[in-house]
Amino acid sequence: MQMTQNLSPEQIITSLGLELPQVPPLGGNYVPAKQVGKVMYLSGVVSMGPDGFITGRAGLDRSIEEGYAAARACALTQLAVIKRELGSLDRVAEVLTVNGYVNAADGFADAPAVINGASDLLVAVFGEAGRHVRAALGLNALPRNALVELQMTVRVKE
């Protein structure tokens, strides 16, 4: 997308027909983000939509496409956390890591295809700076029966 070169990350999100959600309340005794030097570590967030938690198990009652959308929703939540912490997504220098966890049926081998929902969004928003290293794992349970959980690390501009 050539036209996105001059747009801010927030404008790109809007141009994609998306919006940043409200940052969810914490589910325990931890912080949503911690910055050490130029690196910001983000706690995991579970898949949420306008109607609450996006739940289910990929390969059982949820498809790869539904998981992809849930992973994208997680990435949007992480971007909302970053914006709250830094004031603007313009301060993100690059996405370093993404760890994606998929609530999956036994034998479900397509966790990477699900987590592509997050990876594709991050590249759409940040371009090359959105490319990251990652893990995509299928697990037999996630908090609140969420379909996806996503944890990230980003490098912050000075």
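The values are calculated or read from the model by the stated rules, or taken from the named source; none is laboratory data. The structure presented is a predicted model; accordingly, all values stated were derived computationally and were not measured. Note: ideal-geometry Cβ built from the backbone for every residue, glycine included; neighbour counts use all protein chains shown. Surface areas here come from the heavy atoms of the whole protein model, side chains and all, with no ligands, DNA or RNA. Shrake-Rupley method; radii C 1.70, N 1.55, O 1.52, S 1.80 Å.
Which of the listed residues, 116, 142, 82, is farthest toward the dipole's positive end in the chain, when Lys, Arg count +1 and Asp, Glu count -1 at the beta-carbon? The one lying farthest along the dipole's positive direction is 82. For the chain, the alpha carbon convex hull comes to 106 Å³ per residue, rounded to a whole number.
Compared with the dominant Cα axis of the chain, that is its longest principal axis, helix 111-126 is turned about 10°. For segment 28-117, the dipole from Cβ point charges (+1 on Lys and Arg, -1 on Asp and Glu) about the Cα centre works out to 440 debye, to the nearest 20. Relative to the longest principal axis of the Cα atoms of the chain, the long axis of helix 64-86 makes an angle of roughly 40 degrees. The portion of the accessible surface of segment 84-158 made up by carbon and sulfur, rounded to a whole percent, is 47 (1.4 Å probe; DNA, RNA and ligands excluded). What you get for the chain, charging only the Cβ of Lys and Arg (+1) and of Asp and Glu (-1), is a dipole of about 460 debye around the Cα centre. With every protein chain left in place, what is the accessible area per residue of the chain in square angstrom, probe 1.4 Å? On a per-residue basis, 52 Å². Along segment 38-52 the Karplus relation, 6.51 cos²θ - 1.76 cosθ + 1.60 evaluated at θ = phi - 60°, assigns HN-Hα couplings of 8, 10, 10, 9, 10, 5, x, 10, 9, 5, 9, x, x, 9, x Hz to successive residues, with x for each Gly and Pro. Note on residue 65 and residue 129: with the Förster distance fixed at 35 Å, the Cβ-Cβ geometry gives a FRET efficiency of about 0.85.
The trypsin sites (Lys or Arg not before Pro) of segment 64-120 include none that meets both criteria, a DSSP state outside H, G, I, E and B (loop) and at most 12 other C-beta atoms within 10 angstrom of the site's C-beta.
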